[in-house]
Ligand code: HEM
Ligand code: HEM
Ligand code: SF4
Ligand code: SF4
C-alpha cells in the first residue's frame with residue numbers, strides 16, 4: 001500500500017511538472033515575437049509549403065539526413081522506436097483500447113530494440129567522435145543513460161520477467177480517474193518499479209532540459225517561416241514602438 | 001608571407017581533429033569611445049558589466065523568439081560540428097557552431113534555467129566572468145554569420161542569430177568591435193562605409209563615364225542624385241573603387257543604358273551595406289535602412305534596385321520592407337527592392353540586351369554563391385532563384401561555365417571567410433584559414449576543369465578573395481564580378497536617353 005501511495009504521489013507530481021512546465025515553455029515560445037523574417041532559404045513561399053517542410057523535418061529528420069548519415073540512422077531509429085513504444089503504451093491508459101493501438105502491438109514490441117540500438121549508436125558517437133565528445137556535458141550522457149535505463153527495464157518486462165499488466169492498468173486508471181477511495185495497488189515487481197521511477201524522472205526533467213527540442217522544433221523561425229518579406233511587413237510590437245517613437 | 005601557418009588545401013577535404021585553444025588569441029580591435037557613442041553604446045566597459053550583460057541577454061531572449069528557442073533546443077547531436085568553415089580551417093573546437101552557441105548558452109543556463117541555477121556543473125552552466133567575455137569577444141568574432149550550420153541543424157538552429165545577440169550584448173556593456181562600429185558611424189556621418197563624400201563620389205563617377213566612353217565609344221551615364229530617374233540604384237561603396245567591384249558597377253550602368261532605363265545613385269544612400277545586421281542591432285540596422293527610403297522619396301524614383309552585395313541583399317530582401325516600409329510610393333509592378341541580377345536576368349530573357357558571350361572566351365568560370373544570398377534571401381519568384389538567376393546570367397554572357405562540387409554550392413555554399421563584419425586586417429589569420437573549404441573546392445575545378453576565374457556577387461566576397469587567394473597560390477585577378485562579365489559581353493548601341 002505504501003508503494004502504491006508513494007507512486008501515486010510521484011506520478012501526480014511528475015505529471016503536473018511536465019504539463020505545467022511544457023505549457024509555460026510553449027507559451028513563452030508562442031508569445032516571444034519574431035521581429036524579422038529569417039527562414040533558411042530556399043524556403044517555401046506559402047503556408048502549405050511550410051507545413052510540408054516542417055513535416056519532412058519531423059518525420060524524416062530531413063536536415064539531419066543531409067548533414068550526418070550516422071547520426072541520422074541512429075537518431076531516426078531511436079525516435080521511431082520511441083514513437084512505437086509510446087503508442088503501444090497507450091493500452092495502459094485507455095479503456096477500451098483504440099483499434100490502431102491494438103494493431104501495432106505485435107510489431108510495436110520490436111520498437112524497444114530500435115530504440116535501444118539507436119540510443120547505443122548515439123552514445124557511441126558521443127563517446128568516440130572527438131568533436132561530439134567535446135560538446136557533451138555530463139547531462140548529455142546522463143540523458144542517454146536514463147533513456148537506455150527506461151528502455152532496458154521495459155524490454156526486460158516484455159521479454160523476460162513480465163509483470164501483471166492487468167493490475168498495473170487498474171492502478172493507472174484509478175490514478176487517471178482520481179478514484180482515490182478505490183485505489184488499485186501497484187504491482188511491486190522491482191523491475192517495474194525501476195521502470196516507473198526512471199519514467200517519472202524523465203517526465204520531471206523534460207521541461208528543464210534539451211528535451212525541449214520536441215516543442216522547440218515547431219517554433220524554429222528558420223524552419224517555420226514563409227518566405228514573403230517583400231510582399232508583407234513583419235513588424236514586431238516592440239519594433240513598431242521604435243518606429244513611432246524614433247525617427248520619421 | 002604570413003606569421004601563421006597557411007592551411008594546406010587537400011584533394012579530398014578532411015575534418016580536422018579538435019585542437020582546443022588554437023585560435024583563442026584571435027580577436028579584432030576593440031572600438032574606442034568615439035566609435036561606440038554615435039551608435040548609442042557606452043564608450044568603454046561599464047563598471048557592472050556582468051549584470052548588464054546578463055540583463056541584456058534576458059532582454060534579448062524576450063525580444064527574439066529565435067534566440068529563446070535556439071538556446072533551449074540544441075540536443076548536442078553534433079551534426080553541425082563539421083559544417084563551419086572556421087572550424088574546418090582552424091581546428092579550434094570553439095569554432096564548431098554548437099560550441100560557439102554554448103559560449104552564450106552556458107551563461108543563459110546559469111541565470112535563466114532551473115537546471116543551471118541548481119546544477120551548473122551537470123549541464124555546463126557558468127557564471128558571467130571576464131574569461132567568458134573574452135571568449136565571447138574572440139569567438140563571436142570568428143563567426144561570419146553565414147548560416148551554413150543552420151541548414152544542417154535538425155532544428156535549423158542558426159548560430160548567426162546567437163552571435164548577433166552576443167555582439168549586441170558586448171556593445172551594450174561597452175566592448176564593441178572597432179571595424180563594424182566605425183563603419184556604421186561613417187554611414188551616419190557621410191553616407192557610406194568608405195567615408196566617400198558627395199563631391200568625391202561625383203568625381204569618381206565622372207571619371208568612370210569617361211573611361212567607359214574611351215573604351216567603347218559610347219556615352220554610358222553614371223548619374224548621382226538625379227531627381228525623377230526611374231531607378232534608384234543602391235550599391236556597396238566598394239563598387240566605386242575596388243577591383244573587381246568597379247567593373248561590376250560599369251556593368252550595371254551598361255545594362256540600364258542598353259535597356260533604356262533611367263537610373264541614379266544617391267549621395268545620401270551611397271551604401272548598400274548595412275553593418276547594423278552584423279552587430280545584431282535592430283535600431284542601427286533600421287537607421288541605416290531609413291536612408292534608402294529617404295533617398296527614394298527625395299529623388300522621386302519608381303523602383304529601388306540593389307547592386308551586387310551579399311549581406312546587403314539579405315537586409316534589402318528580407319528586412320527592408322519591415323524596417324523602412326511600406327514602399328507604397330513606388331511602382332507596384334516591381335518587387336521592392338529588386339536585385340540587379342533580377343533586372344538583368346529579366347532583360348536577357350526578354351531579349352532586351354544584345355550579348356556576345358565570346359567576349360569572355362578567355363575565361364573558364366565558376367560561381368561562388370554568397371552565403372547571405374544563398375541562405376537568407378531569394379531572387380525571382382520561386383525558391384532557389386538566388387542560385388539559378390546568377391548562373392543563367394553567367395551562362396548567357398560566357399561560353400565556359402563549371403560548377404564547384406555540389407556540397408560547396410547553392411545552400412551548402414562555403415563562406416568566403418570574410419563575411420559578418422570580419423573583413424578587417426586585424427583578423428587576417430582567421431580570414432585566410434576560414435577560406436580553406438572554398439579554396440579546396442576551387443582548386444578541384446581549377447585542376448580538373450581548367451577553371452580560370454571565379455565570379456561573385458558580393459562586395460565582401462570579392463574583397464576577401466582578392467586578398468586571401470594569393471595565400472593559396474592563385475592570382476588575385478581570378479575574382480570577377482558577375483556584372484563585369486555582363487559588361488564584357490554586352491554589345492552597346494548609342495541610344496541617347
Ligand atoms: C517532436 C518530436 C521530436 C522530434 C522531431 C525530435 C527530433 C530529434 C532530432 C532530429 C534529434 C537529433 C538527432 C539525434 O541525436 O537523434 C533528436 C535528439 C534527441 N531526442 Fe528527439 N525529437 C522529438 C521528440 C523527442 C522526445 C519526446 C524525446 C524524449 C524522450 C526525445 C529525446 C531525444 C534525445 C535524448 C536526443 C539526443 C540524443 C543524443 O544524445 O544524441 N526526442 N531529436
Ligand atoms: C507511466 C508510464 C509508463 C508505464 C506505466 C510503463 C509500463 C511498462 C510496462 C508494464 C512494460 C512491459 C510491457 C509488457 O510486458 O509487454 C513496459 C515496456 C516498455 N516501456 Fe514502459 N512504461 C511507461 C513509460 C515509458 C516511457 C516514457 C518509455 C520510453 C521513454 C517506456 C519504454 C518502454 C519500453 C522500451 C518497453 C519495452 C517494449 C514494449 O513493451 O513496448 N515506457 N512499460
Ligand atoms: S554561421 Fe557560419 S561562421 Fe557562424 S558558426 Fe555557423 S557556419 Fe560558422
Ligand atoms: S546540429 Fe543543431 S542540435 Fe545538433 S548540435 Fe548543432 S546546433 Fe545543436
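Spacing of the modelled spin labels on residue B:200 and residue A:51, each 7 Å from Cα toward Cβ, amounts to 5.6 nm.
Think of it as helices only: each DSSP H run of n ≥ 4 in chain B is worth -39500 (n - 2.57), and spread over all residues that comes to -13500 deg cm²/dmol at 222 nm. Listed from fewest to most Cβ neighbours within 10 Å, the set B:302, B:467, B:349 follows the order B:349, B:302, B:467.
Counting other beta carbons within 10 Å of each residue's own, what order do A:233, B:438, B:303 fall into, fewest first?
Working: A:233 16, B:438 27, B:303 22.
With the sparsest Cβ surroundings first, the list reads A:233, B:303, B:438.
The label point for residue A:243 and the one for residue B:12, both projected 7 Å from the Cα toward the Cβ, are 5.3 nm apart.
With a 10 Å Cβ neighbour count serving as the proxy for reagent exposure, in which order, fewest first, do B:270, B:262, B:91, B:289 appear? Each step should come with its number before you reach the end.
Details: B:270 27, B:262 16, B:91 19, B:289 23.
By the 10 Å Cβ count, ascending, the order reads B:262, B:91, B:289, B:270.
Label point 7 Å out from residue B:241 along Cα-to-Cβ: which residues of the stretch B:266-306 have amide N under 18 Å? The answer is B:266-275, whose backbone nitrogens lie closer than 18 Å to the label point.
As a calculated quantity, the FRET efficiency between residue B:426 and residue B:47 at R0 = 30 Å, using C-beta atoms, amounts to about 0.65.
Taking every pair of alpha-carbon atoms in the stretch B:33-176, give the share separated by more than 23 Å as a whole percent. Every Cα pair in the stretch B:33-176 considered, those over 23 Å come to 33 percent. How tilted is helix B:49-63 with respect to the longest principal axis of chain B? Cα atoms for both, answer in degrees (0 to 90, nearest 10). So the inclination is approximately 60 degrees. Residues of the stretch A:3-28 with backbone nitrogen within less than 11 Å of a virtual label 7 Å along the Cα-to-Cβ line of residue A:180, please, listed as ranges. Residues A:9 qualify, since their backbone N sits under 11 Å from the label point. Measure nothing but the geometry: give the 0 to 90° angle between the long axis through the Cα atoms of A:47-60 and the longest principal axis through the Cα atoms of chain A, rounded to 10°. Long axis of A:47-60 versus the principal axis of chain A: about 40 degrees. Please give the helix A:111-128 orientation as an angle from the longest Cα principal axis of chain A, in degrees from 0 to 90, rounded to the nearest 10. Between helix and principal axis, roughly 60 degrees.
Centre-to-centre separation between the Cα atoms of the stretch A:198-242 and those of the stretch B:42-104: 17 Å. A straight chain from residue B:111 to residue B:188 at 0.36 nm per residue would run longer than the Cα-Cα distance by 24.1 nm.
Laboratory data are not the source of any read-out in this text; all were calculated from the coordinates shown. Since the model is a prediction, treat every value here as computed from it, not as a measurement. In this analysis, Cβ positions are derived from the backbone assuming ideal geometry, glycine residues included, and neighbour counts consider all displayed protein chains.
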